[in-house]
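One structure is given below, encoded as structure tokens.
What follows draws every value from the coordinates through simple rules; no lab data is involved. As the structure is a prediction and not an experimental result, all values here were calculated from the model. No Cβ is skipped: glycine too gets one built from the backbone with ideal geometry, and neighbour counts run over all protein chains shown.
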Amino acid sequence: MSAHLDELEFGEYRKTALTKARVLTNEDYLTFGGVIDTKEGPASFVIGDFLAEGVDGEQWPIQAATMAQTKVQVREQDENGWAEYANTNTVRAAQVPEEFSVVISTGDTISGKANDYLVESGDRRWIVDREIFERTYEAT
């Protein structure tokens, strides 16, 4: 990693796009081996966490506690358990000018491309693809 993450200028943002998500089950755990392959790398989950799907079909796990603290369900579940959620919190984010990696709360290391965004909320960090970030977040 050559980016100096501690020198980035963070701004405040809110995710305006709805998040489509469903609860991860024992069957999912057996199917995926407890790991979702995200755009940024493998991310671990436990049964009861949520599988989220983004605007480009990208998927990632969200811890159950994080869902409860940061999202509110706005559409009923469909027959496969998927529902839509709105974000209730703001986040800090910074565009990173070069390739970078961060360790996330599950202990997994994920990587971003040059110009992707590093996003933080409390002690949680994640990476959002530049094009997806610019379509789904707005400055507050």
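Helical content of the chain, expressed as a calculated mean residue ellipticity at 222 nm, amounts to -3500 deg cm²/dmol (DSSP H runs of 4 or more residues, -39,500 (n - 2.57) each, divided by residue number, nearest 500). Between SER121 and TYR29, the modelled label-to-label distance comes to 2.4 nm, taking each label 7 Å out from Cα in the direction of the beta carbon.
Counting only lysines at least 8 places from LYS113 when in the same chain, those with an alpha carbon closer than 22 Å to its own are LYS15, LYS39. Taking 7 Å steps out from each Cα toward its Cβ at VAL55 and LYS113 produces label points 1.6 nm apart. Listed by chain and number, the lysines placed with their C-alpha closer than 16 angstrom to that of LYS20 are LYS71; residues fewer than eight positions away on the same chain are left out.
Ranking ASN26, GLY57, VAL72 by Cα position along the charge dipole of the stretch 23-83, where only Lys, Arg, Asp and Glu carry charges on their C-beta atoms, puts VAL72 farthest toward the positive end.
Does the stretch 1-99 come out rounded, prolate or oblate, given a ≥ b ≥ c as the square roots of the eigenvalues of its C-alpha gyration tensor, rounded meaning a/c under 1.5 and, failing that, prolate meaning a/b above b/c? Judged from the Cα gyration tensor, the stretch 1-99 comes out oblate (a/c at least 1.5, b/c at or above a/b).
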